[in-house]
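Student: Let me begin by handing over the structure; questions about it come next.
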Amino acid sequence: MDFQLTPDQREIQALARDIAKAEIEPHAAQWDREHTFPRDLYPKLAELGLMGVCIPEEYGGAGADFLSYILVLEEISRADAGVGVTVAVHTSAVTLPILTFGSDEQRARFVPPLARGDAIGAFALTEPESGSDAASLRTRADATGDGWQISGTKQFISTAEHAGTFLLFARTDQDTPGARGVSAFILDAEHIRVTGREEKLGLNSSVTNSIAVDAAVERDRLLHEEGRGFHVAMATLDGGRIGIAAQALGIAQAAYDVARAYALERRQFGKRIGEFEAVQWKLADMSTELDAARLLVYRAAWLKQQGEPHTEAGAKAKVFASEMARRHSGEAIQILGGYGYTTEFPVERYYRDARVTEIYEGTSEIQRLVIARTILGLSERSLASAS
Ligand code: COS
């Protein structure tokens, strides 16, 4: 067992920390306030290889391992979690599944523009009436002889209005309800109509859209085998959830950093508030839980990069880190008192941004379902029907 990052991992972590400090953190409050998607930032990240950290160099990526990518997400999210989710969805929910499940021709065609940051990726699974029950999706893809006619609507799609490549899930077998009738498709922006943009509690530097699709596409847009799309979606989310856990870890670290600095500076009753046990215990718990979350997140990333099963480890990392991020950002507000509730300090933004990490890429309830299935040796279907 080795708890040290490798020199390469430390180098990429420092690179991400530097760019986050120089190009992201100074603007994060304004982007949040003005709901700005920082379009010009992504070419800068791409130039440093950060839009394809864990994609092999032969496909235009930086050729680093999955844990390096997780370190990058943590550092970026520490500065701005909205930028974090854009990079996370782009990389682990679009580029990686095309690399993993694509044919040679699909990989050569779609991965390099994504890995180089020429196109941003969007993952289109959720629909207005299909969220946690992802297998109930209704967008349909009908075989036309030389391709597919795809039609339907999708909801809560991160980055859709700026995306060039979509990984979209549709039902190819209308007679087979549930998971087995679903297939995965690679679509372009021209196949998609953006129909709305959500107003959200937080993550205001990212965009979340509703979209409609009504497009005829070539046969070669099918990713992996027909009817195996749900498997693609689940395997993608297994990795994606580690990324969201890293995002939550970054938010929680940022909240702790501000709270700690404030506790060492703010004086009440003639001493620094960090000298009061009430504040010390909060900070001690925060520091302990940060260590625990980091170990869970890095272990899940390590398992994935070893090619080991990581469904359970990723779900544990996500549920723990996301709930911790909500608690810590709340505690940071408490330590800062009235100042914490204002926009003069960033902790209120962290609190708003943290909340969604308990919801997207699988709610905390779904993570617990996934963990329960593994530890009890039961299928989710049997757990769901037992309740
Ligand atoms: N990796 C690969 N395949 C998987 C898998 C995984 N982690 N989990 C399930 N599958 C496969 C199963 O093996 C099964 O395949 P077969 O039909 O070939 O046997 C199929 O998927 C269906 O599995 P299951 O019966 O468990 O599916 P359910 O409909 O019960 O759903 C949950 C399982 C609830 C876990 C799933 O719907 C889920 O993760 N929901 C949350 C969706 C989500 O995260 N949405 C956010 C979107 S991004 S913001």
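The values are calculated or read from the model by the stated rules, or taken from the named source; none is laboratory data. Since this is a predicted model, take the numbers as computed values, not measurements. Please note: Cβ atoms are built from the backbone with ideal geometry, for glycine as well, and neighbour counts cover all protein chains shown. What goes into the accessible areas is simple: the full protein's heavy atoms, side chains included, and nothing from ligands, DNA or RNA. Shrake-Rupley method; radii C 1.70, N 1.55, O 1.52, S 1.80 Å.
Student: Is segment 231-386 rounded, prolate or oblate when judged by the Cα gyration tensor, a ≥ b ≥ c being the square roots of its eigenvalues, rounded requiring a/c under 1.5 and prolate requiring a/b larger than b/c? Could the numbers behind the result be given before it?
Tutor: Working: a/c = 2.63, a/b = 2.44, b/c = 1.08.
Taking the square roots of the gyration eigenvalues as a ≥ b ≥ c, segment 231-386 is prolate.
Student: Considering the dipole of segment 1-112 built from charges on the beta carbon (Lys and Arg +1, Asp and Glu -1) around the Cα centre, which of 56, 90, 15 is farthest to its positive end?
Tutor: 90
Student: Could you tell me the convex hull volume per residue, in Å³, taken over the Cα atoms of the chain?
Tutor: On the way: hull volume 55.7 nm³, N = 387.
Here the figure is 144 Å³ per residue.
Student: Per residue, how many Å² of accessible area does the chain show with a 1.4 Å probe? Write out the running numbers ahead of the final one.
Tutor: On the way: 17430 Å² over 387 residues.
Normalised by residue count, the accessible surface of the chain is 45 Å².
Student: Sort 301-313, 109-121 for me by packing, meaning the mean count of neighbouring Cβ atoms within 10 Å per residue, highest on top. List each step's numbers first, then the result.
Tutor: Details: 301-313: 18.0, 109-121: 22.1.
Result, highest mean Cβ count within 10 Å first: 109-121, 301-313.
Student: For segment 121-226, what D do you get in µm² per second when you plug the Kirkwood radius from alpha-carbon pairs into Stokes-Einstein at 37 °C and 0.692 mPa s? Write down the numbers at each step before the final one.
Tutor: Details: Rh = 13.9 Å.
D = 237 µm²/s.
Student: Where does each of 375, 24 land when they are ordered by accessible area, with a 1.4 Å probe and the largest first?
Tutor: Details: 375 110, 24 0 Å².
So the residues, ranked largest to smallest area, are 375, 24.
Student: Another question, then. Of 45, 296, 376, which is the most mobile in a GNM of the chain whose springs link Cα atoms less than 10 angstrom apart?
Tutor: Among 45, 296, 376, the largest GNM mean-square fluctuation belongs to 376.
Student: I'd like the FRET efficiency for residue 151 and residue 374, computed as 1/(1 + (r/R0)^6) with the beta carbon distance as r and R0 of 35 Å, rounded to 0.05. It would help to have the intermediate numbers written out before the result.
Tutor: On the way: r = 36 Å, r/R0 = 1.03.
For R0 = 35 Å, the calculated efficiency reads 0.45.
Student: For the chain, what does the helix formula give at 222 nm: sum of -39500 (n - 2.57) over DSSP H segments with n ≥ 4, over the residue count, nearest 500 deg cm²/dmol? Can you show the working numbers first?
Tutor: Values: 13 runs with 191 residues, N = 387.
Helix contribution divided over all residues of the chain: -16000 deg cm²/dmol.
Student: What distance in nm separates the two pseudo spin-label positions at residue 5 and residue 339, each 7 Å out from Cα along the beta-carbon direction?
Tutor: About 2.9 nm separates the two model spin labels.
Student: Mind ordering 269-279, 62-72, 124-134 by average Cβ neighbours within 10 Å, highest first? Don't skip to the end; give the middle numbers.
Tutor: Numbers: 269-279: 13.0, 62-72: 25.3, 124-134: 17.7.
Order by mean packing, descending: 62-72, 124-134, 269-279.
Student: Packing-wise, with mean Cβ within 10 Å as the measure, how do 283-292, 177-186 rank, highest first? Present the calculation step by step, with values, prior to reporting the outcome.
Tutor: Details: 283-292: 14.9, 177-186: 20.2.
Going by the mean number of other Cβ atoms within 10 Å, highest first, we get 177-186, 283-292.
Student: Heavy atoms only, probe 1.4 Å: what % of the accessible area of the chain goes to carbon and sulfur, would you let me know? Write down the numbers at each step before the final one.
Tutor: Working: 8600 of 17430 Å².
Reported share for carbon and sulfur atoms: 49 percent.
Student: Would you work out which of 35, 281, 270 lies farthest towards the positive end of the dipole of the chain? Charges go on Cβ: Lys and Arg +1, Asp and Glu -1.
Tutor: Checking the options against the dipole of the chain, the answer is 270.
Student: Going toward the positive end of the dipole of segment 121-226, with +1 on Lys and Arg Cβ and -1 on Asp and Glu Cβ, which of 196, 215, 150 do you reach last?
Tutor: Checked the options; the winner is 196.
Student: Between residue 278 and residue 138, what is 0.36 nm times their sequence separation minus the Cα-Cα distance? Round to one decimal in nm. Working shown, then result.
Tutor: Numbers: separation 140, 0.36 × 140 = 50.40 nm, distance 5.20 nm.
Once the chain is fully extended between residue 278 and residue 138, it gains 45.2 nm.
Student: So, one more: Going by amide H atoms built from the backbone, whose H comes under 5 Å of the H on residue 205, apart from near neighbours?
Tutor: It is 82, by chain and number.
Student: Taking a ≥ b ≥ c as the square roots of the eigenvalues of the Cα gyration tensor of segment 245-289, is the shape rounded (a/c under 1.5), prolate (a/b larger than b/c) or oblate?
Tutor: Note, shape of segment 245-289 comes out oblate.
Student: If you line up the Cα atoms of segment 7-115 on their principal axes, what length do they span on each, largest first, in Å?
Tutor: Computed over segment 7-115, the largest-to-smallest principal extents equal 43, 33, 18 Å.
Student: Still on this structure, I have one more. How far is the Cα center of segment 217-249 from the Cα center of segment 1-28, in Å?
Tutor: 26
Student: Now for a separate question. Treating only the Cβ atoms of Lys and Arg (+1) and Asp and Glu (-1) as charged, compute the dipole magnitude of the chain about its Cα centre; round to the nearest 20 debye.
Tutor: Values: 41 positive and 55 negative charges, 192 e Å.
Taking the Cα centre of the chain as origin, the dipole is about 920 debye.
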